[in-house]
Protein chains: 2
Amino acid sequence: MKKRVEIVKRIMDSNEQLAEQNRQKLDDHQVFGINVMASPGAGKTSFILQTISRLPEGLRLGVIEGDTAPVTIDADKITDAGMPAVQINTGGDCHLDANMVGLAIEQLDLNDIDLLLIENVGNLICPAGFALGNHANIVISSTPEGDDKPYKYPNIYRGVDVLIINKIDLLPYIDFRMDYFREGVEMLNPGLKTFEVSSKTGEGFDGWIEWLQEKVRTAQE
Amino acid sequence: MKKRVEIVKRIMDSNEQLAEQNRQKLDDHQVFGINVMASPGAGKTSFILQTISRLPEGLRLGVIEGDTAPVTIDADKITDAGMPAVQINTGGDCHLDANMVGLAIEQLDLNDIDLLLIENVGNLICPAGFALGNHANIVISSTPEGDDKPYKYPNIYRGVDVLIINKIDLLPYIDFRMDYFREGVEMLNPGLKTFEVSSKTGEGFDGWIEWLQEKVRTAQE
């Protein structure tokens, strides 16, 4: 049994080391990196597309798309919107790791990018445990998933820097107690920066874009 | 490297063996077992609650609730609805396994149950790889998750016996192409038994309840 624990430990250390290398590469090129996590269907790609459509003049974005299958549906949408995208197919794995992200970074020209969005695999559990080398972690929750998610998937909310509450355009049609949801998050991650948005209508994006601009500016100082 | 592969193989074998023991226990008691899989927030618990409210006279149900945290929100809802429920806290793991389910089965009196619903952890990736000993696997997809899910999470659709398309009451408010979704599923799992339902309004449940009754009847012959 002892032997097995040692092997697992070594794998984790290796991921940490590779994440550190990724971070160094991003820093060398003054690129601000964000790891975007969410449940399947919470709207990660739509959120990124709405962000692209509102990007301030001169802010250059690149996207790494994590998928469990070799379909390029999401990556195609990003390139259709005029931004460079690299797809990672995890081959069924439930999260990205630093090695995959490192290989994807090599496919991007970091000199042409100010902001790197890494769309993790749709999963509220696995991605929380693996450092990728990015600077900020965000989680997107969508209102139709229900207001009990912070209580049932606490780990993902504990480690993030920003929470996006997506699909607020559906609030009139569903039972979602915003107070209850946000109280749960507050217990796990007090004072967490939170934006309530609709990636469909664009509502609520101004604050998010401002936050993004500020972060990119700081990375370039 | 060879040693490590052997260890993993042995763990898998052990899960298969434990799943076989669970199956034997269910069969001995003429209990039909269903593994319910879905993304977080697809409506697994609401689906089970609507099923309970429509159970035919004399059909006795038990529920095993899989959660990644020690909250009993879902298990409480089931016992409030008058049915026996046992909660499994996976401690952060992204799926149930046969050992956990075996321990939970010991907490239920199988003589008092005709149908066992095992609500797996909310995850579209991990649960597909672990046999639990149940007779049928179902996946619940909800319309707000988007119509591209079969294309992006193919594995979960390949191995199931029934697909529930939940939250059809939200169709007027979202962009969801039912044809595109169902075509994707058809490629992965031709002829898959599918029910379009709303766990909120109860729409579409008649066919599902009929399917369930037929399965329970067969298990008791």
| field | Candidates A:A38, A:A19, A:A69 - the one that is within 12 Å of chain B (Cβ to nearest Cβ), touching a residue at least 24 places away in the same chain (Cβ under 8 Å) and not acidic (D, E) | value | A:A38
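Can you confirm whether B:T201 is in contact (Cβ under 8 Å) with a residue 12 or more places away in the chain, surrounded by fewer than 17 Cβ atoms within 10 Å (Cβ to Cβ) and either at negative phi or of a type in the set (A, V, I, L, M, F, W, C) (or both)?
So B:T201 fits the description; yes.
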| request: Please indicate, with yes or no, whether at least one residue in the stretch B:178-193 is assigned to a loop (DSSP other than H, G, I, E, B) and within 14 Å of chain A (Cβ to nearest Cβ). | output: no
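Please tell me if A:D76 is out of contact with any helix residue (DSSP H, G or I) (no Cβ under 8 Å at 6 or more places or on another chain), within 14 Å of another protein chain (Cβ to nearest Cβ) and among the acidic types (D, E).
Details: out of contact with any helix residue (DSSP H, G or I) (no Cβ under 8 Å at 6 or more places or on another chain): yes; within 14 Å of another protein chain (Cβ to nearest Cβ): yes; among the acidic types (D, E): yes.
For A:D76, the condition - out of contact with any helix residue (DSSP H, G or I) (no Cβ under 8 Å at 6 or more places or on another chain), within 14 Å of another protein chain (Cβ to nearest Cβ) and among the acidic types (D, E) - is met.
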| query | Can you find a residue in the stretch A:59-72 that is at pLDDT 90 or above and assigned to a helix (DSSP H, G or I)? | reply | no
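Which of the residues that make up the stretch A:127-145 are over 11 Å from the mean Cα position of the chain (by Cα) and surrounded by fewer than 23 Cβ atoms within 10 Å (Cβ to Cβ)?
In the first step, residues of the stretch A:127-145 are kept if they are over 11 Å from the mean Cα position of the chain (by Cα); the result is A:129-131, A:133, A:141-145.
Of everything in the stretch A:127-145, those that are over 11 Å from the mean Cα position of the chain (by Cα) and surrounded by fewer than 23 Cβ atoms within 10 Å (Cβ to Cβ) turn out to be A:G129, A:F130, A:A131.
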| said: Here's a check for you: in the stretch A:60-82, which residue that is under 16 Å from A:G92 (Cα atoms) and not aliphatic (A, V, I, L, M) is surrounded by the fewest Cβ atoms within 10 Å (Cβ to Cβ)? | reply: A:P70
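Look at the stretch A:198-221 and say how many of its residues are out of contact with any Asp or Glu (no Cβ under 6 Å at 6 or more places or on another chain), under 24 Å from A:I48 (Cβ atoms) and not in a helix (DSSP H, G or I).
Start the filter on the stretch A:198-221 by keeping residues that are out of contact with any Asp or Glu (no Cβ under 6 Å at 6 or more places or on another chain), which leaves A:199, A:202-203, A:205-215, A:217-221.
Right, trim to under 24 Å from A:I48 (Cβ atoms) and you get A:199, A:202-203, A:205-215, A:217-220.
Next cut, not in a helix (DSSP H, G or I) only: A:199, A:202-203, A:220.
The total comes to 4.
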| query | Would you say A:S53 is within 14 Å of another protein chain (Cβ to nearest Cβ) and either in contact with a strand residue (DSSP E or B) (Cβ under 9 Å, 6 or more places away or on another chain) or surrounded by fewer than 24 Cβ atoms within 10 Å (Cβ to Cβ) (or both)? | reply | no
| message | Looking at the stretch B:22-39 only, could you name the residues that are part of a strand (DSSP E or B) and either modelled with pLDDT under 95 or more than 12 Å from the chain's Cα centre (by Cα) (or both)? | response | B:F32
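State yes or no: is A:I138 away from chain B (no Cβ under 14 Å) and either over 15 Å from A:A19 (Cβ atoms) or touching a Phe, Trp or Tyr at 6+ places or on another chain (Cβ under 6 Å) (or both)? Lay out the reasoning, then the answer.
Values: away from chain B (no Cβ under 14 Å): yes; either over 15 Å from A:A19 (Cβ atoms) or touching a Phe, Trp or Tyr at 6+ places or on another chain (Cβ under 6 Å) (or both): yes.
Criteria met by A:I138.
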| said: Residues to consider are B:D147, B:D175, B:D161, B:D169; find the one that is without any contact (Cβ under 8 Å) to a residue 40 or more places away in the chain and more than 11 Å from chain A (Cβ to nearest Cβ). | reply: B:D161
| Inside the stretch B:93-129, can you point out the residues that are part of a loop (DSSP other than H, G, I, E, B), within 14 Å of another protein chain (Cβ to nearest Cβ) and touching a helix residue (DSSP H, G or I) at 6+ places or on another chain (Cβ under 6 Å)? | B:C94, B:H95, B:N120, B:L124
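The values are calculated or read from the model by the stated rules, or taken from the named source; none is laboratory data. The structure presented is a predicted model; accordingly, all values stated were derived computationally and were not measured. With ideal geometry, Cβ positions are generated from the backbone for all residues, glycine too; neighbour counts draw on all protein chains shown.
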